[in-house]
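Below is one structure, written out as structure tokens, with a few remarks after it.
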Amino acid sequence: MSGDLRVDNVDRAFAVFDVDGDGVIGWEDFSAAARGVGREFGLGVEAPQVRNLVAAYREVWAYVAGADLDGDGVVSRGEFREAHESGRLSAAELVEKWLVVSGRNFEVADRDGDGALDGSGFAGIYRGSGVTDPQVAAIAFAGMDVDGDGRVDRVEFQTHVRGFFTAEDASVKGARMLSGG
């Protein structure tokens, strides 16, 4: 993996995945994120959108679990970073799985079904996923809303998600999707 930005984003992704803040990621973290997003939008775990989101997160976890070198059922920050640096976790494969998750998150947040999110809906995804600093969501939303209409469509959203996982410099869309500045 080249470039400090990509390493920073791997670390940021780990921090977001570690929903309970215990220093490791496991299925419960991913499950909590899915349930949290559903809750943000008034949906219980049995709602079809939340079930779809949980299934998408399960696919990500099944892949990320491959970084668990010591077989303890969780992935530490070191294991996660090493798996990215060694290529055992491929950014390309992870991004494809994460695009499914982001699409499912978008579907949960797009309550009126118009194909776009306003800042509040966008922030709900972040809050539900455990990113509690509203500035992080506000900065990411502003970066995605390139036409300034106060709305982000699915293509804009997923372009930035892809960039978050693949950016090697800060000019790429999504490069700083989870940074506060």
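The values are calculated or read from the model by the stated rules, or taken from the named source; none is laboratory data. The structure displayed is predicted, hence computed values, not measured ones. Surface accessibility is based on the protein's heavy atoms, side chains included, excluding ligands, DNA and RNA. Shrake-Rupley method; radii C 1.70, N 1.55, O 1.52, S 1.80 Å.
Assorted remarks:
- Rg ratio (alpha-carbon, reference 2.2 N^0.38 Å) - the stretch 1-121: 1.10
- Calculated accessible area for the chain comes out at 45 Å² per residue, all protein chains present (probe 1.4 Å; ligands, DNA, RNA ignored).
- Taking the chain and dividing mean pair separation by its residue count, relative contact order in percent (alpha carbons under 8 Å, at least six apart): 26
- With every protein chain in place, the chain: carbon and sulfur % of accessible area (1.4 Å): 50
- Whole-number Å³ per residue for the convex hull built on Cα positions in the stretch 110-167: 83
- Among 120, 102, 86, the largest mean-square fluctuation in a Gaussian network model of the chain, built with springs joining Cα atoms closer than 10 Å, belongs to 86.
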